[in-house]
Amino acid sequence: MKLEEIAAPLKDPGRLVGIHFFNPVAQLPLVEVVRGDATREEEIGKACAFVTAINKLPLIVKSCPGFLVNRVLAPYMMEAVRLYQEGQPREKIDQAALKFGMPMGPMELMDMVGLDICNKVGEELSLAPEGEGSQDNVLASLVKQGKLGKKTGRGFYQWEDGKPKREPMDFSDTELTRLGEKLMAPLLAEAARAEAEGVVADADHVDAGVIFGTGFAPFRGGPLHYAKTKNAAADKEAA
């Protein structure tokens, strides 16, 4: 539900501001401060002061589906589901993400978040991959089977003693690099769209938000910086 819908019945809609934490709260420093159409600037200031007081980093975002971080992260996770559905091993997908510099692979991340939650986000943002024929996609199928990830002991992985049970697999650096680029492409594209739509103040805020909200490889400077650097290198090579 959008902030504007929540604010509609209030006597003073301008007082309503959203505060969005990320899981695990103790580890992720970012908090999105959500501005609705009617939210007054003084209320945004109060929310940012509160977030700062609890030793978190406030990021002011426009009220829209997914805000910034989940909007950018969801296409990346749904791309991982699509690749898995096409036959890529879960271990390979996760290793490719780790090689790129992500703190955790998307398959393990979805299991930790909960496949029911990931599936709902994919549906709400119209990002869920198509199933084969009349069948559900693999994510929706697992949810229907009650395999929701870590909290049920089974999702994309089987979980034992709080850890995913992985099959031993080795892949070449070239394979992992190529797969990592495919995984990241939807994330980079969505980050660019979020900037263009003014979800946050500017490109630097997009990059900072995605780094601190998702753990996006910090040494790459954020998705927009990485894409710009990558495109400049490609142009130089082509010349």
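The values are calculated or read from the model by the stated rules, or taken from the named source; none is laboratory data. Note that the structure is predicted; figures quoted are calculated from it, not measured. Counting neighbours? That spans all protein chains shown, and the Cβs are built from the backbone with ideal geometry, glycine included. Please note that ligands, DNA and RNA were not included when accessible areas were found on the heavy atoms of the full protein model with its side chains. Shrake-Rupley method; radii C 1.70, N 1.55, O 1.52, S 1.80 Å.
Condition check ((1) at pLDDT below 95; (2) in contact with a strand residue (DSSP E or B) (Cβ under 7 Å, 6 or more places away or on another chain); (3) crowded, with 18+ Cβ neighbours inside 10 Å; (4) of a type outside the set (A, V, I, L, M)) across all residues:
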residue	(1), (2), (3), (4)
P75	no, no, yes, yes
K92	no, no, yes, yes
A96	no, no, yes, no
F100	no, no, yes, yes
M107	no, no, yes, no
D116	no, no, yes, yes
E124	yes, no, no, yes
> Of (1) buried (at least 21 other Cβ atoms within 10 Å of the Cβ); (2) at pLDDT 95 or above, A128 satisfies all except one. Which?
Replying inline: (2)
>> Need pairs with beta-carbon distance below 7 Å; first residue touching a residue at least 12 places away in the same chain (Cβ under 8 Å) and within segment 39-54, second in a helix (DSSP H, G or I); sequence gap 6+ or separate chains.
In response: T39/G14; R40/G14; E43/G14; E43/R15
>> What's the number of the only condition in (1) open to solvent by less than 60 Å² (accessible area, probe 1.4 Å); (2) closer than 25 Å to A217 by Cα that M112 fails to meet?
In response: (1)
> Name the pairs: first residue in segment 9-28 and in contact (Cβ under 8 Å) with a residue 40 or more places away in the chain and open to solvent by less than 40 Å² (accessible area, probe 1.4 Å), second residue aromatic (F, W, Y) and assigned to a loop (DSSP other than H, G, I, E, B), Cβ to Cβ under 7 Å, at least 6 apart or on different chains?
Replying inline: L28/F22
>> Restricting to segment 59-73, count the residues that are open to solvent by 50 Å² or more (accessible area, probe 1.4 Å) and of a type outside the set (D, E, K, R).
In response: 4
> What pairs can you find where one residue is in segment 79-94 and over 17 Å from A189 (Cβ atoms), the other is open to solvent by 50 Å² or more (accessible area, probe 1.4 Å) and basic (K, R), and their Cβ atoms are less than 6 Å apart, with a gap of 6+ or different chains?
Replying inline: E91/R166
